[in-house]
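The values are calculated or read from the model by the stated rules, or taken from the named source; none is laboratory data. Because the structure is a prediction, the values reported are computed rather than measured. Cβ: placed from backbone, ideal geometry, glycine included. Neighbour counts: every protein chain shown. Calculation scope for accessible area: heavy atoms of the full protein, side chains included, ligands and nucleic acids excluded. Shrake-Rupley method; radii C 1.70, N 1.55, O 1.52, S 1.80 Å.
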Amino acid sequence: MAFDKDAFLTALDSMTVMELNDLVKAIEEKFGVSAASMAAPAAGGAAGGAAAAAEEKTEFNVVLTEAGANKVGVIKAVRELTGLGLKEGKDMVDGAPKVVKEGIAKADAEAAVKKLVEAGAKAELK
């Protein structure tokens, strides 16, 4: 049996929003894909995707994922990186995962991650 694209589009046209939502979920499960991850490239096209990739390469976020065993050392490192007071630094470490620094250059972000890891935390670059 050959696939009839016109019949498929007609069937989609007659579906309710809830039925379409169920269909999207079923397709995501069946093929292991996500409609949300495909929405940005489809909307922006190749130029939008290239611009997003270029933007990601210039600005990075440092994320504290876990405080680790040496919580005091991590609080000191967070305070040094952010200029926060003791209470604010402690609250940030206690509330991990938290973004420590946003929109910084790659070299600065890597140095910040290194400082946090050396203090005993788990941190990552995003």
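Values as computed for the structure displayed
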{"item": "Hits in region 101-122 (condition: under 14 Å from the mean Cα position of the chain (by Cα) and open to solvent by less than 50 Å² (accessible area, probe 1.4 Å))", "result": "Gly103"}
{"item": "Elements of type helices (runs of 4 or more DSSP H) contained in region 11-126, each with 1 or more residues being at pLDDT below 85", "result": "17-31, 35-58, 71-82, 106-118"}
{"item": "Close pairs (7 angstrom Cβ cut-off, 6 or more residues apart or separate chains): under 16 Å from Val74 (Cα atoms) and free of Cβ contacts under 8 Å to residues at least 12 places away in the same chain in region 104-126, of a type outside the set (Val, Ile, Thr) and open to solvent by less than 70 Å² (accessible area, probe 1.4 Å) anywhere", "result": "Val117/Ala123"}
{"item": "Scan of region 94-111 for residues that are over 18 Å from Lys71 (Cβ atoms) and in contact with a helix residue (DSSP H, G or I) (Cβ under 6 Å, 6 or more places away or on another chain), ordered by number", "result": "Lys101"}
{"item": "Leading residue by the ranking (nearest to Glu59 (Cα to Cα)) among those in region 69-100 that are surrounded by fewer than 18 Cβ atoms within 10 Å (Cβ to Cβ) and of a type in the set (Lys, Arg)", "result": "Lys98"}
